[in-house]
Amino acid sequence: MSTISVLQEGPVNALALNKDNSQVAIGGRNVFKVYSIEEDCFKEICNLRASKHLNLSFSCNDVAWSSTDDNYLATAATNGHVCVWNLTKSGKAMQEQVYQEHKRTVNKVNFHSSEPYRLISGSQDGTMRYFDMRCKAAVATFLSNTESVRDVQFSPHMPHTFAAVSENGSVQLWDVRRTEKCIQQFTAHSGPIFACDWHPEATWLATASRDKTIKVWDLTTSKPTLDYTIHTIASIGHVKWRPQRKYHIASCALVVDCSINIWDIRRPFIPFAAFNEHKDIASGVAWRGDSQVFLSTSRDCSLIQHSFKDASRPASKANIQALDISTKGNTLFGMRVPVSTNTTKPTGLMRKSSTSTISDQFHQSASVLHQFTHVSVCNDLSSFEFLAKNYILYGRSFPEMCEHNAAVAKECGKSNISTIWKIVNTMYGELYVKIQAMHNNGGLNLMNNVDASSTEKKNNDVVGEAAAAQFSSADDDVEGEDQVDHTAVANGYHTYNKYGHPKGDFSFGENELDLELDALSIDYRNGMRNQNQLQQQEDWTLPNEAFNIRHEIRDRSPPPEQFPNNNSPDFNDDSHSSTVDEQPTWLVSVSKIPPMPIWDPSASLIESLKHHAEKGDVQTSVSVLIVLGEHRKNLKTLDENTVTHWLMGYIQTLERFRLWNVKALVIELAWIPSISQMNQQSTRINTNCSQCLKPLQRSGWLCDRCHSTDASRCSICHQVVKGLYVWCQGCSHGGHLMHMQEWFSKNKQCPTGCGHLCEYR
Amino acid sequence: MFEAAEINAEHKDLIHDVAYDFYGNRMATCSSDQYVKVWDQIGNEKWTLTSSWKAHSGSVWKVTWAHPEFGQVLATCSFDRTAAVWEEIIGETPGPGERGTRHWVRRTNLVDSRTSVTDVKFGPKCLGLQLATCSADGIIRIYEAPDVMNLSQWTLQHEITCKLSCSCLSWNPSLTNNHPQMIAVGSDDNTAQTGKVFIFEYSENSRRWMKIETIITIMEPVHDISFAPNLGRSYHILAVATKDVKIINLTPIKDNSSIQSGLTKLDVQTVAQFTDHTCTVWRASWNVTGTVLATSGDDGCVRMFKMNYINSWKPVTVLKGDGAVIPNDAHRGSIASSTGVLTPPITQTARYIKLGSISQPRDLPWH
């Protein structure tokens, strides 16, 4: 059977199927019709509103079809009438009985399941009336003692019992033979109950409420027990158990949700199936005898027959797995596991059970959550932290910083990054500067003093290094060991230059050089880093002030004005045309004084930095750029947007690792205004006066109100705090960081004795 | 090496999402049982449950953290057709020795959707507090909290209609204003034979979100989509979880037509495709540097992929959902992928109209 629908002239409030499920009666304010259900359409049999004598008793809140006699219909009218209709008659005679006993609108009529002619009604006036169609008046009246009765349903199991639910949230069970008092009464919901339905087999009563829940009560015992609660997304107006499926129940909402949901009560969070054909909220549901087909009416004026094969399954759309990776590289993974009822052993493998159907498996849902913790000693993320903490980015000379950073990178196993630092050092180190200077001075001054052969050696070194650098930058992940050694020697050489001749006066003999060079190279291998640190500490460590002088000032590179000579036209052509082979010739013959060919390393360096950034390693790119200092000016093709991007990336990653000091340092050293401004935003914190708790707006040490200067004093040593001041936002007391740290390691309360439990972490 | 530890989350139904916070010291789980739970880890100890509350009246599909700059803020979305923003507040009077009574309050409930809200994500921090949701009826909504100090006021800024039912979305996490705001949306529709991944971009000129690309090579239902964190790349990487894992490079092309139109033209290249899971892939997630992609599928495994030195993606690790680590499986996986999987990159370009450089970067107080 397929999904079919028919449109009415007005909203439909209710529907009822005859006993063999071949015809459906629908009722609404302006609609009252009987359709026969054909294979692919609804066929109108009669329109009970065709009569000329329409009155309010024709507008129905509910419609019921006699369960014994196919010719009788009953309706609950909005004007308080209960009408019985005889379909065999026509015209005005169809309205066989009109009971005008309820004072307010009638919400529900329900035929007795076995006794013909008997029906019951529930009304907004708080009463239920029991009718015999052969009598002109109600045979019994039940007073619910509540504001209004929303639903009455005869029990399919106990012939004389019916359930009534009311707007005050209570459920009453009545025996039709006892009108004076209900058998049982209990409060089922915190809000109005709009509907109830007896389970066709089990002794369950389902109640639906405005509190967005459907509750399933077991009424076998004297005290009702709540077996299941379904949480839905909206107030529930109607519920109907699904035939032949013990745990399934259909519901439609009173507001918001236009779909009809079928729930498995064992999985009370998500509908087993949903039908979304209606455009407005559904007002009634009736199963057509079997579990696969049901009909529904809606405020959108339609009557629809739904087929289960057209249902949508909200749960199948759900993502059944959860996955996330943390800053530290830990992985959380939650996945669905089969819940088997007899064994509790959770296994990681999906159960392959071909016999069980969807509905069997549907309610068996649970997830296991695992965290996979990164435990390897050396991974990318831990080395990131190590490098960030240990890199030196300012305060020393360029070669020293490069040396140090190379050693740091090597220490945590990042030999390729270490090599980058060495190459950068070679590219822009002392020698580079000298050659630059040489160019500026036409090479004359230095050449005169320096032994030609030593210069030659030097130049060969440079060329060799340059070639190596070029090669490595292009593909630095596959660095050969030999190059590393080569660089190391060269680095030793530079170091020698620096320490031996601090002011850069360039005069020494070849022998001397070789000796020293060898010694230093060995030194380097035996722990150059320590030696460097020792010397650097003497030379370069500055007091740790709040505002560090930018390292550029101490950089001994020549003033930047001299760099542009690189491009000056007078030797530009030469530098391009001359080749490596020519060098010895012109070097030996000093008299020529030709300009030395300079290989500009910037292109390769940029390429290398970009390579690292693309690999997700902005740390290297940014650190190198910072250390380069003034040399950055040579990297002309590196646009500011890209560099800003790298800096932001590095800064954010530092944030993730809570490396605030490094972050602040990077921002401070950043040469791009939009980044360096970040340290100047929101830097002001107003403290409170420690006596009167008034916020100190004007100055941090004098309170305008009580003219006390206590806020500037340490609450432990009572001295004025210079430097780091820590204070509690709760009680405004504070003092020296060291004192506070000491105090709170032993105490919880504020040192002033104000009684505040300061939270010091 | 990985060490597995089971966390007894005690959710009564499926766990649909987990999310670490910015630093990785807290996590949030959400489940079909309509509860959201927040867990804390102090040091390297076990996770302790600090809060648990019924967040929605339907299954909670996704949970996501806002940048800590905005406070301890979560967003959730649910089958109940709403998305909610939650803020943690610490109770007034902590008892002696206690850290205080923490609880989460609902700051706002976004009720614009008429169907299940399938994903919710906070925008990049540089855009302020922005929230994107997508729903089963194919509507993407962008909300903004104009005052970052007031989380109860959110205005619906944009509604983007995407004809297919949406299942997942991802903001391009670019950190600077060089890249226009970009969102990728995936659809789990399994009827229409069209592309299931859409890229939207905010056009500064028209002040609207425009679709700039449909990745037509992905026709299968998409279950998860994730932009890789971009710390310094010139292009964007998108991971898509469908019946397999796809890694897609989106390279902005700068040419005259894109400058005139104001919209980015993207060069879309599928750089990797892994069928290692051999079944439906449900999730894809990147590490913080965007170098490792983790995916999970119906085979109950988490597989990790990494780009090697010649820019090709290779499987590196396999973790089983029950906590076991499969040794040497990575090797096997790499063979499998290199033989059968790497299809020739499919190149396509598309032209659209509009692009705007974001001229007014939002001024945000830096905390």
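The values are calculated or read from the model by the stated rules, or taken from the named source; none is laboratory data. Remember, predicted model here, so these are calculated numbers, not experimental data. All Cβ positions, glycine included, derive from the backbone under ideal geometry; neighbour counts span all protein chains shown.
Observations on the structure shown:
- Total residues in the range B:44-65, condition polar (S, T, N, Q) and facing chain A (nearest Cβ under 9 Å): 3
- Subset of the range B:188-227 [free of Cβ contacts under 8 Å to residues at least 60 places away in the same chain, assigned to a loop (DSSP other than H, G, I, E, B) and of a type in the set (Val, Ile, Thr)]: B:Thr191, B:Thr194, B:Ile218, B:Val222
- Going through (1) within 28 Å of A:Asp211 (Cα to Cα); (2) buried (at least 16 other Cβ atoms within 10 Å of the Cβ) one by one, A:Lys181 falls short only on (2).
- Scan the range B:44-71 for residues that are surrounded by fewer than 23 Cβ atoms within 10 Å (Cβ to Cβ) and touching a residue at least 40 places away in the same chain (Cβ under 8 Å) and the total you get is 12.
- Condition met for B:Thr291 (under 22 Å from A:Arg336 (Cα atoms), surrounded by fewer than 22 Cβ atoms within 10 Å (Cβ to Cβ) and touching a Gly at 6+ places or on another chain (Cβ under 9 Å)): no
- Of the strands (runs of 3 or more DSSP E) lying entirely inside the range A:81-149, those containing at least 2 residues that are without any contact (Cβ under 8 Å) to a residue 40 or more places away in the chain and surrounded by 15 or more Cβ atoms within 10 Å (Cβ to Cβ) span A:82-86, A:95-99, A:127-132.
- Members of the range B:222-251 found to be within 12 Å of chain A (Cβ to nearest Cβ) and acidic (Asp, Glu), listed by number: B:Asp224
- Within the range A:231-250, the set of residues being closer than 11 Å to A:Ser209 by Cα and within 14 Å of chain B (Cβ to nearest Cβ) comprises A:His231, A:Thr232, A:Ala234, A:Ser235, A:Ile236.
- Every residue from the range A:305-336 that is more than 7 Å from every other protein chain (Cβ to nearest Cβ), in contact with a Ser or Thr (Cβ under 7 Å, 6 or more places away or on another chain) and within 22 Å of B:Arg81 (Cβ to Cβ): A:His306, A:Asp310
So that you can scan it fast, the table gives a plain yes or no per residue for (1) closer than 22 Å to A:Pro338 by Cβ; (2) facing chain A (nearest Cβ under 8 Å); (3) crowded, with 19+ Cβ neighbours inside 10 Å; (4) modelled with pLDDT of 90 or more:
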{"site": "B:Glu6", "(1), (2), (3), (4)": "yes, yes, no, no"}
{"site": "B:Lys12", "(1), (2), (3), (4)": "yes, yes, no, no"}
{"site": "B:Gly24", "(1), (2), (3), (4)": "no, yes, yes, no"}
{"site": "B:Ile42", "(1), (2), (3), (4)": "no, no, no, no"}
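- Tabulated pairs, the range B:149-167, first within 18 Å of B:Ala84 (Cβ to Cβ), second of a type in the set (D, E, K, R) and in a loop (DSSP other than H, G, I, E, B), C-beta under 8 angstrom, 6+ apart or interchain: B:Gln153/B:Asp147; B:Leu156/B:Asp112
- Count of residues meeting criterion [of a type outside the set (Lys, Arg) and under 15 Å from the mean Cα position of the chain (by Cα)] in the range B:124-137: 7
- Here A:Asp600 meets each of (1) more than 10 Å from chain B (Cβ to nearest Cβ); (2) crowded, with 19+ Cβ neighbours inside 10 Å; (3) not β-branched (Val, Ile, Thr) with one exception, condition (2).
- Members of the range B:275-300 that are out of contact with any Phe, Trp or Tyr (no Cβ under 9 Å at 6 or more places or on another chain) and more than 7 Å from chain A (Cβ to nearest Cβ): B:Thr275, B:His277, B:Thr278, B:Cys279, B:Thr280, B:Ala284, B:Asp299
- Residue within the range A:369-382 that is outside any helix (DSSP H, G or I), among the aromatic types (Phe, Trp, Tyr) and more than 9 Å from every other protein chain (Cβ to nearest Cβ) present: no
- Candidates are the residues of the range A:191-221 that are within 14 Å of chain B (Cβ to nearest Cβ) and not in a strand (DSSP E or B); the one that is surrounded by the fewest Cβ atoms within 10 Å (Cβ to Cβ) is A:Gly191.
- Test result for B:Asn172, more than 11 Å from chain A (Cβ to nearest Cβ), in contact with a His (Cβ under 8 Å, 6 or more places away or on another chain) and either more than 30 Å from A:Ile675 (Cα to Cα) or of a type in the set (S, T, N, Q) (or both): yes
- For the range B:138-164, the set of residues classified as within 14 Å of chain A (Cβ to nearest Cβ) and either of a type in the set (S, T, N, Q) or within 19 Å of the chain's Cα centre (by Cα) (or both) consists of B:Gly138, B:Leu164, listed by residue number.
- Total residues in the range A:260-279 satisfying the condition of being within 12 Å of chain B (Cβ to nearest Cβ), in contact (Cβ under 8 Å) with a residue 40 or more places away in the chain, surrounded by fewer than 24 Cβ atoms within 10 Å (Cβ to Cβ) and over 18 Å from A:Gln244 (Cβ atoms): the figure is 3.
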